[in-house]
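The values are calculated or read from the model by the stated rules, or taken from the named source; none is laboratory data. Source: prediction; values computed, not measured. All Cβ positions, even for glycine, are placed from backbone atoms using ideal geometry, and neighbour counts span all protein chains on display.
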Amino acid sequence: MNRRKDRKNTSKNSKAKPRAAEPAHTVGSGTTDTTTQTAGPDPYAATSRETTEGRVYTVTGGDWDGMLDDWRHDERIVVNMGPQHPSTHGVLRLVLELEGEVVTQARSVIGYLHTGIEKNCEYRTWTQGVTFVTRADYLSPLFNEAAYCLATEKLLGITAPRRAQVIRVLLMELNRIGSHLVAIATGGMELGALTGMTAGFREREEVLHLLEFLTGLRMNHAFIRPGGVAQDLPDGSDAKIRDFLTVMDSRLPDYDKLLTGQPIWKNRLRNVAYLPLDGCLQLGVTGPILRSAGLEWDLRKVQPYCGYEEYDFEVPTSTDGDAYARYVLRVEEIHQSLKIIEQCLGKLEPGRVMVDDPKIAWPAQLTIGSDGMGNSLEHVRKIMGQSMEALIHHFKLVTEGFAVPPGQVYFPVESPRGELGCHLVSDGGTRPMRVHMRDPSFVNLQSMPAMSEGGLVADVIAAVASIDPVMGGVDR
Amino acid sequence: MTNMTTTSGNKGHDGNDKDKGLAPGRTSSAELSSAEEAEHEARGGVVAGRARRGMFGVQGWGDTSGYGGLVLPAYVPPPAQRPYGDGFDELTDELLAAMQERDVPAAAIQQTTVDRGEITYYVHRDHLVALCRTLRDDPALRFEMCSSVSGVDYGTDVPQRLHVTYHLTSMTYRRRIRLEVAVDVDDAHVPSVVEVYPTADWHERETWDMFGVVFDGHPALTRILMPDDWDGFPQRKDYPLGGIPVEYKGAEIPPPDQRRAYS
């Protein structure tokens with residue numbers, strides 16, 4: 001009571017002071033005499049008067065309740081977030097209907113990154129298709145390539161050699177680590193944990209450096225090809241990968257120190273963006289979100305491909321179904337991926353990395369020449385100088401490509417975000433009839449309203465970050 | 001070298017024979033007799049491909065390869081013969097029993113195809129929703145999740161060229177099936193399965209956006225990837241890819257969709 005009295009006095013005193021000292025909340029100018037309000041029950045409540053321009057409020061105290069009561073229920077606020085917004089995880093547009101700070105309806109608008117990848121694939125050979133699909137979900141390019149190539153191989157009825165399979169697993173798990181690190185980093189940035197971002201991107205840089213060493217490119221590798229992989233791993237890969245494992249093992253505990261046990265991080269994520277198991281199934285949600293709701297559904301375990309059944313790893317789950325559980329699962333999946341990579345090193349035995357079928361396999365091995373990566377000089381010498389047939393064969397395979405028997409397949413793999421399916425239709429030609437990527441980001445993003453409606457507007461950001469949509473995959 | 005396409009084609013068909021369990025003596029699905037083809041037509045005509053003429057796609061000028069008269073008929077997915085294998089027999093039996101229980105006519109499934117270890121049920125659109133509900137709810141089937149809904153356009157000269165494919169997943173039994181609905185481009189209407197599988201919402205919007213298939217009963221069938229005022233359906237085969245010719249060192253390189261296609 002004393003405090004109120006003091007403030008009343010201040011208010012009265014301020015009357016005597018020049019205008020500049022008046023409370024900053026005054027709306028309108030030269031409005032009312034605040035002293036006339038002191039007799040009322042709440043001397044700090046807003047007063048108002050009608051003017052020719054409309055209703056003018058004067059707010060004198062720190063209490064906005066009276067003013068908000070007038071607005072509430074007859075005024076909804078529709079907030080447009082994005083498509084260019086630092087917290088929407090890419091060119092995603094959110095349309096939020098708010099009542100105060102509570103989201104009553106949320107919708108997402110997509111399509112800002114539609115690049116026609118699926119249509120473009122129909123005008124290229126099956127091998128060239130890899131270059132397109134790798135650009136769909138740009139944070140997990142190797143998974144796009146793997147899904148596409150495994151589907152193509154299923155159509156062709158071939159299996160990549162064992163060494164190629166191990167290399168694929170190795171690259172995919174490296175990629176999974178990189179993708180999860182970006183999920184944690186950008187999620188942290190969007191929630192204000194900027195150190196989370198710098199740490200996440202620092203470790204991701206390690207992944208990209210290693211991928212660049214192994215495949216030649218940091219992103220959009222086009223390294224996995226129908227029938228195997230583009231080329232063998234370079235000399236010294238083993239040591240580089242082991243160095244990477246050591247670095248990651250030493251740095252991953254930092255995430256637990258920085259984020260996992262941190263009270264602000266927990267408060268922002270715990271019980272936020274809750275989606276139970278039945279909701280996940282109805283919305284077709286897969287990946288860490290589904291596993292955070294308690295279902296141990298990981299295609300590497302339930303429907304193994306690329307020899308995943310030989311690897312010893314766990315599928316972490318949680319029953320909390322909230323954004324925090326998804327964060328914890330992603331960190332744990334990074335640990336599991338490191339475990340798989342280590343096992344890959346033990347399984348890498350010398351051998352072919354492309355099927356032994358000259359009708360499908362690229363005829364030339366790639367090597368580094370004086371002008372960069374290209375067909376090996378030996379091969380060029382042979383086709384240009386010795387064997388006309390080899391030249392014709394090379395030309396045919398490069399320009400026309402190989403024919404794929406008619407039919408259709410759907411091949412799902414477990415990408416960092418969930419079930420990444422590739423639906424391929426062939427009509428028997430050297431170009432696909434239809435390429436469809438069932439991208440987990442696209443499907444999972446549908447759960448954004450279910451996660452955020454009824455919550456606070458700040459939690460929408462946490463929800464989107466925990467879904468981790470990659471717009472390249474959503475829009476394709 | 002010159003008969004590369006045909007060899008790979010035959011290889012593929014041979015491979016198919018093992019998987020599909022074609023009738024003995026039949027080497028290729030493309031060799032369906034005219035009576036069989038007529039039967040196909042009567043049942044909804046599941047044609048999945050275009051017929052090809054010549055070998056190198058040469059049109060409008062002389063073909064010197066000697067293969068100009070080569071005709072490859074359109075691919076028709078062959079109906080599977082029992083036993084299907086891979087546990088698909090039990091699955092189909094369960095499905096037929098469940099359909100009978102729920103008064104879904106057996107004729108709802110026009111054709112069953114088993115190819116490369118995947119089963120496809122070609123479904124009549126009138127019974128699609130009831131069939132999906134059966135697949136989801138029946139305790140012996142339990143296809144809880146709809147993985148994907150997408151369209152396929154089989155080309156302008158193909159009857160019922162627009163197909164909508166549904167990839168359903170049973171997490172309980174760890175099985176996957178494909179439903180396929182074929183419609184004419186003039187009557188591209190398919191009932192929406194959103195009430196059974198809410199996840200189909202965006203998938204169906206995308207299929208509408210890209211192929212112009214109208215999903216009747218969809219809560220808000222609007223374009224999703226293209227702008228709202230876009231004209232045409234980009235992933236139809238008669239929609240151009242776009243692009244302009246590029247000049248490089250004096251030669252003009254046509255845009256990808258106008259380049260020579262080999263098959």
Would you pick out the residues in the stretch A:82-131 that are hydrophobic (A, V, I, L, M, F, W, C) and within 22 Å of the chain's Cα centre (by Cα)? A:Val91, A:Leu92, A:Leu94, A:Val95, A:Leu96, A:Ala106, A:Val109, A:Ile110, A:Leu113, A:Ile117, A:Val130
Within the set of pairs 6+ apart or on separate chains, which have a first residue in the stretch B:227-248 that is at pLDDT below 90, a second that is among the charged types (D, E, K, R) and exposed (fewer than 10 other Cβ atoms within 10 Å of the Cβ), and C-beta atoms under 8 Å apart? B:Pro245/B:Glu252; B:Val246/B:Glu252
Where in the stretch A:75-179 are there strands (runs of 3 or more DSSP E), lying wholly inside it, with at least 3 residues that are buried (at least 20 other Cβ atoms within 10 Å of the Cβ)? A:102-109
So A:Ala403 fits all but one of (1) within 33 Å of the chain's Cα centre (by Cα); (2) buried (at least 24 other Cβ atoms within 10 Å of the Cβ); (3) in a loop (DSSP other than H, G, I, E, B); what number is the exception? (1)
Out of B:Arg174, B:Arg161, B:Arg178, sole residue that is basic (Lys, Arg) and surrounded by fewer than 21 Cβ atoms within 10 Å (Cβ to Cβ): B:Arg174
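Give the residue that is farthest from A:Cys149 (Cα to Cα), with candidates limited to residues of the stretch A:277-314 that are more than 14 Å from chain B (Cβ to nearest Cβ) and not small (Gly, Ala, Ser). Before the answer, list the steps.
Filtering the stretch A:277-314 for residues more than 14 Å from chain B (Cβ to nearest Cβ) gives A:288, A:292, A:306-308, A:310-314.
So of that shortlist, the ones also not small (Gly, Ala, Ser) come out as A:288, A:306, A:308, A:310-314.
Values: A:Pro288: 24, A:Cys306: 11, A:Tyr308: 16, A:Glu310: 21, A:Tyr311: 21, A:Asp312: 24, A:Phe313: 24, A:Glu314: 26 Å.
Only one residue tops the list, namely A:Glu314.
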Tell me which residues, restricted to the stretch B:209-263, are surrounded by 12 or more Cβ atoms within 10 Å (Cβ to Cβ), within 23 Å of A:Arg434 (Cβ to Cβ) and more than 12 Å from chain A (Cβ to nearest Cβ). B:Gly212, B:Val213, B:Val214, B:Phe215, B:His218, B:Leu221
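Only one residue in A:Glu203, A:Glu212 is closer than 23 Å to A:Ser441 by Cβ and among the acidic types (Asp, Glu), so which one is that? So that I can check it myself, show each step before the final result.
Numbers: A:Glu212 fails: closer than 23 Å to A:Ser441 by Cβ.
Step by step, each of A:Glu203, A:Glu212 is checked, and only A:Glu203 is closer than 23 Å to A:Ser441 by Cβ and among the acidic types (Asp, Glu).
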Going through the stretch B:94-129 in order, the residues found to be assigned to a helix (DSSP H, G or I), more than 29 Å from A:Leu424 (Cβ to Cβ) and acidic (Asp, Glu) are B:Glu101
Cross-chain or 6+ apart pairs with Cβ under 8 Å, the stretch A:417-440 first and without any contact (Cβ under 8 Å) to a residue 24 or more places away in the chain, then small (Gly, Ala, Ser): A:Val425/A:Gly407; A:Val425/B:Ala48; A:Asp427/B:Ala48; A:Asp427/B:Gly49; A:Asp427/B:Ala74; A:Asp427/B:Gly155
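Residue under question is B:Cys132, and the condition is that it be more than 23 Å from B:Tyr239 (Cβ to Cβ), more than 8 Å from every other protein chain (Cβ to nearest Cβ), outside any loop (DSSP other than H, G, I, E, B) and modelled with pLDDT of 90 or more; does it hold?
Values: more than 23 Å from B:Tyr239 (Cβ to Cβ): yes; more than 8 Å from every other protein chain (Cβ to nearest Cβ): yes; outside any loop (DSSP other than H, G, I, E, B): yes; modelled with pLDDT of 90 or more: yes.
Yes.
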Yes or no: A:Ser466 within 14 Å of the chain's Cα centre (by Cα), assigned to a helix (DSSP H, G or I) and hydroxyl-bearing (Ser, Thr, Tyr)? yes
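Which residue out of A:Glu419, A:Glu414 is crowded, with 23+ Cβ neighbours inside 10 Å, within 11 Å of chain B (Cβ to nearest Cβ) and either under 20 Å from A:Gln231 (Cα atoms) or in contact with a Lys or Arg (Cβ under 9 Å, 6 or more places away or on another chain) (or both)?
Values: A:Glu414 fails: within 11 Å of chain B (Cβ to nearest Cβ).
One residue alone meets the criteria, A:Glu419.
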Residue hits (the stretch A:232-244; over 21 Å from A:Ser140 (Cβ atoms) and in contact (Cβ under 8 Å) with a residue 60 or more places away in the chain) are A:Asp232, A:Asp238, A:Arg242
Just need a number here: residues in the stretch A:188-208 that are in contact with an Asp or Glu (Cβ under 7 Å, 6 or more places away or on another chain) and closer than 17 Å to A:Arg417 by Cβ. 0
Some residue of the stretch B:179-197 being within 11 Å of chain A (Cβ to nearest Cβ), in a helix (DSSP H, G or I) and of a type outside the set (S, T, N, Q): no
What are the residues in the stretch B:138-178 that are in a loop (DSSP other than H, G, I, E, B), among the acidic types (Asp, Glu) and within 10 Å of another protein chain (Cβ to nearest Cβ), if any? B:Glu144
Of the conditions (1) within 14 Å of chain A (Cβ to nearest Cβ); (2) in contact (Cβ under 8 Å) with a residue 40 or more places away in the chain, B:Arg125 fails just one. Which one is it? (1)
Among the residues of the stretch B:185-196, is there at least one that is modelled with pLDDT under 95, over 16 Å from the mean Cα position of the chain (by Cα) and on the phi > 0 side of the Ramachandran plot? no
Which one of these does A:Leu445 not meet: (1) more than 10 Å from chain B (Cβ to nearest Cβ); (2) touching a strand residue (DSSP E or B) at 6+ places or on another chain (Cβ under 9 Å); (3) not in a loop (DSSP other than H, G, I, E, B)? (1)
Per the list (1) out of contact with any Lys or Arg (no Cβ under 8 Å at 6 or more places or on another chain); (2) more than 9 Å from chain B (Cβ to nearest Cβ); (3) buried (at least 24 other Cβ atoms within 10 Å of the Cβ); (4) on the phi > 0 side of the Ramachandran plot, residue check on A:Asp468 breaks on (1)
Exactly one condition in (1) buried (at least 17 other Cβ atoms within 10 Å of the Cβ); (2) at positive phi; (3) more than 22 Å from the chain's Cα centre (by Cα) is false for A:Gly321; which is it? (3)
A:Ala390 passes all but one of the listed conditions (1) in a helix (DSSP H, G or I); (2) over 29 Å from A:Gly82 (Cβ atoms); (3) facing chain B (nearest Cβ under 9 Å); the exception is number (3)
Residue in the stretch A:378-387 that is crowded, with 21+ Cβ neighbours inside 10 Å and more than 14 Å from every other protein chain (Cβ to nearest Cβ) present: no
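Just give me the residues in the stretch B:99-128 being touching a Gly at 6+ places or on another chain (Cβ under 8 Å) and under 14 Å from B:Tyr166 (Cβ atoms), in sequence order.
Step one: filter the stretch B:99-128 for residues touching a Gly at 6+ places or on another chain (Cβ under 8 Å), giving B:110-111, B:114-116, B:122, B:124.
Result: B:Tyr122, B:His124.
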Pick from the stretch A:225-275 the residues that are of a type outside the set (Phe, Trp, Tyr), under 30 Å from A:Val464 (Cβ atoms) and not in a helix (DSSP H, G or I): which of them is nearest to the chain's Cα centre (by Cα)? A:Ala273
